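Every number in this text was worked out from the coordinates using simple rules, so none of it is lab data. Quick caveat: nothing in here was measured; it's all calculated off a predicted structure. Quick reminder, even Gly has a Cβ in these numbers, built from the backbone with ideal geometry, and neighbours come from all protein chains shown.
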Amino acid sequence: MKLKFLPMLALAVTAVQCAPKTDLINDNVENAKIQLKSLVDASEAGDTVKIPSTFKDGEIVYVPTDDWVSGFFAGSLWYMYELTGDEYWAGHARKHTEILDSIQYLTWHHDIGFMVYDSYGNGLRLKGIDGYKDVIVNAARSLSTRFRPAAGVIQSWDADKGWQGERGWKCPVIIDNMMNLELLFKATEFSGDSTFAKIAVSHADKTMQNHYRPDYSTYHVVDYDPETGEVRGRYTAQGYSDDSAWARGQAWSLYGYTMVYRFTSDKKYLDQAEKVAGFLFNNPNMPEDLVPYWDFDCPDIPDTYRDASSAAIIASALYELSYHTGNALYKEKADKIIESLSSPAYRAAQGTNGGFILMHSVGSIPHGSSIDVPLNYADYYFLEALIRKGNIEKGMAPVTK
Ligand code: GLY
């Protein structure tokens, strides 16, 4: 029988405090130590510190600091510090964070929230390093330059260059953009300037209004008219089709609204996250092991790619959702995902996979990029999920504001 996630029922179920299942966590930490140490060695071997993003044709692929994934490796090293308490990881995390210094002024895309919060945000949280707060506030200022007041949203991509320039969009907003709001909430806390949090709330509200279908799956791209605020159209960029449910988009949607609830305590965001969870777990195309195919509506299912990155993001979000709702079923689902990702089907054998932890993620099939490979953000959210799982099992909040 399929488990149904009914929001009303969810409130009635109390989370069960279990004895810590530390074996699975410890086993993953021991494995990650070996894998990520080899990535640290490789990325720091030359004259400059490099940013590993994936592993392709037997080579580690490195990205420049302005790539949207540039903060995840630093973030993974901070999480290793959190998981182990070993200063080795903090030292390397700091090195990989501070090479990103210039991106606090980046204004040409929206991903600065991911990039700066995963790196500097975690460094600040764990070590309170001088100057990191300023970087976060500067980054929030940069991100805020992309706010379009008439539409009430942050513009994700510029519409006049690259492949996006060929789509005829004016103000494309992608569901992924929900993830950048964490940086804005923290910037208000650090600076006392409420503008950042107001932008975050406006973006979350408009996205809730315009990005969702009746079944609570989300479109990938909504294009707005920045002058009038009207929706010009709804599309995909990385999914199977405009009307399909691209897996990572659904993962960002679940995580995004759970996180916005953390900062606002406004129940409408928690309800939204629960409805997204309902879509995911009642979907007939969600596999038994809960590692989604890259798009829930890909007609080739089951003969198509899984996306371990989506699974890791969903697991991390579900741990937080279980805490806010008191619904132990969400934790059970998250635990199942972590068990799947920890199995040899997804977790690479030590000394393989270029040093990345997880195999079988998908960057973008329509763009033909990073298909069935490790991705640094799959590892980042996997480690984050392990931390959240451990915290809950110790009777603590999975994540603090
Ligand atoms: N934010 C880009 C992606 O999820 O691929």
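Listing for the model above:
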item: Inter-label distance, nm, simple model (7 Å from Cα along the C-beta direction), Ala345/Leu24; result: 1.4 nm
item: Linear extension gain, Thr400 paired with Thr48, 0.36 nm per residue minus alpha-carbon span; result: 123.3 nm
item: Computed lengthening from Asp57 to Ala150, 0.36 nm per intervening residue step minus Cα-Cα distance; result: 28.9 nm
item: Debye log10 I(q)/I(0) for the range 311-356, one point scatterer per Cα, at q = 0.21 Å⁻¹; result: -0.67
item: Label point 7 Å beyond Cα of Asp86 along Cβ direction - residues of the range 319-350 with amide nitrogen under 17 Å; result: 350
item: Relative contact order, percent, the chain [alpha-carbon distance under 8 Å, six or more residues apart]; result: 19 percent
item: Within the chain, helix-based [θ] at 222 nm, where runs of 4 or more DSSP H residues each add -39,500 (n - 2.57), nearest 500; result: -15000 deg cm²/dmol
item: Span from the the range 200-253 Cα centroid across to the the range 17-84 one, whole angstrom; result: 31 Å
item: The chain, Rg to Rh (Cα coordinates; Rh as Kirkwood inverse mean 1/r); result: 0.93
item: Arg232 paired with Ser369, simple spin-label distance in nm, labels 7 Å along Cα-to-beta-carbon; result: 2.2 nm
item: Projected area averaged over orientations for the range 183-262, convex hull of C-alpha atoms, nm²; result: 6.0 nm²
item: Separation of alpha-carbon centers, the range 258-319 and the range 339-364, rounded to whole Å; result: 19 Å
item: Per residue Cα convex hull volume in Å³ - calculated over the range 69-150; result: 81 Å³
item: Karplus 3J(HN,Hα) series, Hz, for the range 56-67 with 6.51 cos²θ - 1.76 cosθ + 1.60 (x for Gly, Pro); result: 9, 6, x, 10, 6, 9, 10, 10, x, 5, 8, 6
item: Radius of gyration, Dmax [the range 296-401; alpha carbons; angstrom]; result: 14.7, 43
item: Convex hull projection area averaged over all views, the range 115-194, Cα basis, nm²; result: 6.0 nm²
item: Three-way shape label, the range 34-171, alpha-carbon gyration tensor, a/c 1.5; result: oblate
item: For the range 309-324, Karplus couplings with θ = phi - 60° (6.51, -1.76, 1.60), whole Hz, Gly/Pro x; result: 5, 4, 4, 5, 5, 4, 4, 4, 5, 5, 4, 5, 5, 5, 5, 5
item: Projected label distance in nm at Asp243 and Glu166, using a 7 Å step from Cα toward the beta-carbon; result: 2.5 nm
item: Overall dimensions of the range 87-244 by Cα: Rg and Dmax, Å; result: 16.6, 52
